[in-house]
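The values are calculated or read from the model by the stated rules, or taken from the named source; none is laboratory data. This one's a predicted model, so the numbers in the text were calculated from it and none came from an experiment. Please note: Cβ atoms are built from the backbone with ideal geometry, for glycine as well, and neighbour counts cover all protein chains shown.
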């Protein structure tokens, strides 16, 4: 075994471009497995196709440049902005692409990009999302390494990864900077199980990192100012998305949609200052959203809609423009989250949603701690709900909604601890008022069953207007 290893190492060569060969492709064609092709700084007007087990590397140390490594910024594969039938770089099994700028592979449409930026991507069609097309860098069915590259101003996706004919496709995609591409920055599709880590993706036409029927591991990436989501997950994709930063994107920080088989695990991410929700799930998706921090987003910290059924556990949502957690026509399970200083509800449940809400802390949200409306159904159990000052109730059950409220601790001001315009079963709750109002206010046409609730500090413990 030792002799075999030595033989392989001795047979490897280092080939230099343009010293030994004028073009990169000529060097690749002449190389053998395990050879290292080192490319000097310059602009290379070509598209290249790697061979198995080759290393293609730009010359230089790992000095940091303006947006990526300096050696990547000055060693450029340029497609000239023209469309082509093949990718700028086509990877191969066991190959490594290390430290290049890949640009101009297809036409970058500045005017179209700007229009969709202004529209927050609202008029982009779903059909374009997840299309492999002709990317700048293509990984199709290979285990390989794409590292330390700068990929920008291309006509389609920057780095596209897909499985082929049920073959494993588990490349390492790391340390790349992908921006201003007319697809996503990085796209993981059709059975990909890539490791996507430590990349920077910004100002891409679709998502910074997109998933379509793929299950990669996506960690420690920085995705910002993309036209759609920072990270987009759809069509049966079930990646593990952990420890990423998603901020300033025109839509959600992390967007999840399209089907009951879209079941990602999304945990320990920072999603902030996005144009819509910090994390949004819709279209029957069923993610696990765990231990994320969602703050100062324009809409909800975490929003679910259109029959999504997420498990939302242990997240911290604060200072968002709408609810900390919002549900519209969805069926979330909301457990042990901390929701504070949001501009509407701590938790908002509407449009006939059905939600289990347990062991959460809703603290000092500007309107209600928990709002339930539009004939929704909720179980509220063992939550801590507090707001000092303000007129709204702590819990509002409106529009004929139904609530089972058990073992909650409700503290604060406003017109009521619980305001009911629907149906309520409330047992073993502790309500502590601060500035008058009613502990439980029962509106006309409502129905309430109350048992063993401890109510203090309100002007009226129970204000019953059903028969008035």
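Residue selection: residue 250 satisfies the criterion of being at pLDDT 95 or above and in contact with a helix residue (DSSP H, G or I) (Cβ under 8 Å, 6 or more places away or on another chain).
Every condition in (1) farther than 22 Å from residue 66 by Cα; (2) in a loop (DSSP other than H, G, I, E, B); (3) over 17 Å from the mean Cα position of the chain (by Cα) holds for residue 238 except the one numbered (3). Only residues that are in contact with a helix residue (DSSP H, G or I) (Cβ under 7 Å, 6 or more places away or on another chain) and within 16 Å of residue 98 (Cβ to Cβ): list them for the range 14-55, please. Answer for the range 14-55, where residues must be in contact with a helix residue (DSSP H, G or I) (Cβ under 7 Å, 6 or more places away or on another chain) and within 16 Å of residue 98 (Cβ to Cβ): 15, 17, 34, 37, 39, 44, 48, 50, 51, 54. Selection of the range 157-178 for residues being more than 13 Å from residue 89 (Cα to Cα) and under 21 Å from the mean Cα position of the chain (by Cα) yields 162, 170, 171, 172, 173, 174, 175, 176, 177, 178.
Any residue in the range 50-59 that is over 17 Å from residue 137 (Cβ atoms) and either in contact (Cβ under 8 Å) with a residue 60 or more places away in the chain or exposed (fewer than 14 other Cβ atoms within 10 Å of the Cβ) (or both)?
no
Restricting attention to the range 62-93, the residues that are free of Cβ contacts under 8 Å to residues at least 60 places away in the same chain and either in contact with a helix residue (DSSP H, G or I) (Cβ under 7 Å, 6 or more places away or on another chain) or more than 14 Å from residue 41 (Cα to Cα) (or both) total 13. Looking only at the range 155-172, count how many residues are over 12 Å from residue 136 (Cβ atoms), assigned to a strand (DSSP E or B) and in contact (Cβ under 8 Å) with a residue 60 or more places away in the chain. Within the range 155-172, residues that are over 12 Å from residue 136 (Cβ atoms), assigned to a strand (DSSP E or B) and in contact (Cβ under 8 Å) with a residue 60 or more places away in the chain number 0. In the range 8-89, counting only strands (runs of 3 or more DSSP E) that sit wholly within it, the ones holding 2 or more residues that are within 30 Å of residue 202 (Cα to Cα) span 36-39, 42-44, 55-58, 75-78. Considering only residues that are touching a residue at least 60 places away in the same chain (Cβ under 8 Å) and part of a strand (DSSP E or B), look in the range 173-199 and name the one that is surrounded by the fewest Cβ atoms within 10 Å (Cβ to Cβ). Per the stated criteria, the residue is 179. When residues in the range 149-172 are screened for being buried (at least 22 other Cβ atoms within 10 Å of the Cβ) and on the phi > 0 side of the Ramachandran plot, 1 of them pass.
To keep it simple, each residue is scored yes or no on (1) more than 22 Å from residue 258 (Cβ to Cβ); (2) in a strand (DSSP E or B).
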site	(1), (2)
294	no, yes
309	no, no
322	yes, no
345	yes, no
